[in-house]
1. Please state the shape class of segment 68-145: rounded when a/c is under 1.5, otherwise prolate if a/b exceeds b/c and oblate if not, all from the C-alpha gyration tensor.
2. Could you work out how far helix 10-36 tilts from the main Cα principal axis of the chain, as a 0 to 90 degree angle to the nearest 10?
3. Among the DSSP beta bridges whose two residues both lie in the chain, what percent are antiparallel, rounded to the nearest 5?
4. Find the percent of Cα-Cα distances in the chain that exceed 24 Å, and round it to a whole number.
5. Would you mind counting up the charge near residue 107? Only other residues with Cβ under 13 Å from its Cβ, with Lys and Arg at +1 and Asp and Glu at -1.
6. What order, most packed first, do the peptides 150-156, 165-171 have when packing is the mean number of other Cβ atoms within 10 Å of each residue?
7. Consider a paramagnetic label point 7 Å from the Cα of residue 78 along Cα→Cβ; state which residues of segment 31-56 have an amide N under 20 Å from it.
8. Tell me which of 118, 49, 31 sits at the most positive position along the dipole axis of the chain, charges placed on C-beta atoms (Lys, Arg +1; Asp, Glu -1).
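Where a number appears in this text, it was derived from the coordinates with a stated rule and is not lab data. Just so you know, these numbers come straight off a predicted model, no measurement behind them. Here the Cβ positions follow ideal geometry from the backbone for every residue, glycine too, while neighbour counts run over all protein chains shown.
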Amino acid sequence: MLDEPVSPRRGRTIGLGLLVGMVLGSGGALISDRRSGRVFSTDELCRALPGPLLERLPCQGNGRPNDGWIAPIQLLADGPLANDESVALIPVGSISPADLDGFATRLNQALGPQKKLLISTDLLATRNCNTQLLLTTPGGAKHEQLRQLRAQLALQGAHVAGWVLLDTNLEA
């Protein structure tokens with residue numbers, strides 16, 4: 001007979017279980033993320049979307065008006081969108097209607113009454129605007145959607161000022 005018990009050690013079993021659980025959980029989440037086809041990374045969005053990233057705005061995803069948007073949107077209107085009579089706002093992927101409406105309202109106010117703002121996903125309707133501004137969220141669009149959009153915008157030949165990211169990971 002041994003002096004010490006031979007039974008399994010609780011601390012070792014718990015530690016090993018936690019480690020295996022974390023590895024399997026992380027692997028499962030990574031596989032699920034890849035299979036969804038959605039683009040969550042800002043770097044991937046930069047490679048997939050035409051034009052530069054103009055602004056990252058904090059977004060709670062609840063559709064409430066965000067006062068933190070006023071200054072950046074005004075800078076957009078006075079900067080890259082200043083010389084254009086008409087601007088097309090093109091939502092890319094799934095954006096909550098309330099967030100899209102809030103952004104469009106603030107942009108329309110910043111542009112002023114003399115400029116026309118068209119909000120549409122129909123590129124045939126937006127081709128007559130002087131410039132186009134894309135609006136997206138992390139995980140809102142799939143790789144294939146972005147590839148098709150890029151190809152269609154290249155065929156259309158209209159000026160794309162850039163894109164704005166409504167990021168739920170940023171603090172307001």
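1. Numbers: a/c = 1.98, a/b = 1.30, b/c = 1.52.
Judged from the Cα gyration tensor, segment 68-145 comes out oblate (a/c at least 1.5, b/c at or above a/b).
2. Rounded to the nearest ten degrees, it is 30.
3. Numbers: 1 of 20 bridges.
Close to 5 percent.
4. 46 percent
5. Here the charged neighbours net out to -2.
6. So the peptides 150-156, 165-171, ranked by packing, come out 165-171, 150-156.
7. 54-56
8. Farthest towards the positive pole: 31.
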